[in-house]
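Beneath this line is the structure, given in structure tokens, with notes to follow.
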Amino acid sequence: MVPAELFTGAPRAALTPLTALFVHGSWVHLLGNMLFLYVFGAMTEERMGRAQFTLFCLGCGYLALLGYAAANDDSTQPLVGASGAISAVLGAFLFLFPTARVTSLLPFLLFLPLRFPAWVVLPFWVAVQWVAASRAGAGPGVAYLAHLVGFGLGFGYAWARFGRRTRVRSTRAPAPEGENKP
């Protein structure tokens, strides 16, 4: 998808955000998206259902690329990847499972795996995307704005579709035998 060509009125150009979801810049780009989909997608898909989840990903991915293109309508840099759709999955996951524990590898702690609730990990991820988007130049690189738009769409969709009544709340597990106080 090329943002400068998207708003020319050509019918073919209207399909490019959808087809761009299935093209990636490199294997690392594809594997990164698949890792995030693996971690956050299964529970989100289970809550939404397979067909609704597929339409959700396609729709949010399309709109995330469209949002990026609207903000950068003079850019001739091609844009590819499903990062906006994957970011939408992260946004929906945050709304649906805010207390779910997410294993994170922290590079400054020698990649020590630590578990944090989603309400800690995902807003931190959004903050990193926001800072990166504000520093992004006009040259080739990562479409951080598409990540932010996708995340907002996913969170908003989950809020509108599922509301507060269907949120999953975790409860404290009872202490194992021997750890109960008399």
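Hey, does segment 25-47 have a residue that's open to solvent by 60 Å² or more (accessible area, probe 1.4 Å), over 28 Å from LEU105 (Cα atoms) and over 16 Å from the mean Cα position of the chain (by Cα)? Scanning segment 25-47, I find no residue that is open to solvent by 60 Å² or more (accessible area, probe 1.4 Å), over 28 Å from LEU105 (Cα atoms) and over 16 Å from the mean Cα position of the chain (by Cα), so the answer is no.
The residue that is farthest from PHE22 (Cα to Cα), counting only those in segment 76-98 that are buried (at least 18 other Cβ atoms within 10 Å of the Cβ) and polar (S, T, N, Q), is SER87. Residue pairs whose Cβ atoms lie under 8 Å apart, sitting 6 or more positions apart in sequence or on different chains, and linking a residue in segment 13-25 that is closer than 14 Å to PRO3 by Cα and touching a residue at least 40 places away in the same chain (Cβ under 8 Å) to a partner that is β-branched (Val, Ile, Thr) and open to solvent by 50 Å² or more (accessible area, probe 1.4 Å), are ALA20/VAL80. As a summary of the residue check, CYS60 satisfies the conditions (1) modelled with pLDDT under 95; (2) among the hydrophobic types (A, V, I, L, M, F, W, C); (3) buried (at least 20 other Cβ atoms within 10 Å of the Cβ) except for the one numbered (1).
The values are calculated or read from the model by the stated rules, or taken from the named source; none is laboratory data. Being a predicted model, the structure only gives us computed values, none of them experimental. Cβ coordinates were reconstructed from backbone atoms using ideal geometry, including for glycine residues, and neighbour counts include every protein chain displayed. Remember, those area values only see protein heavy atoms, side chains included, never the ligands or the DNA or RNA. Shrake-Rupley method; radii C 1.70, N 1.55, O 1.52, S 1.80 Å.
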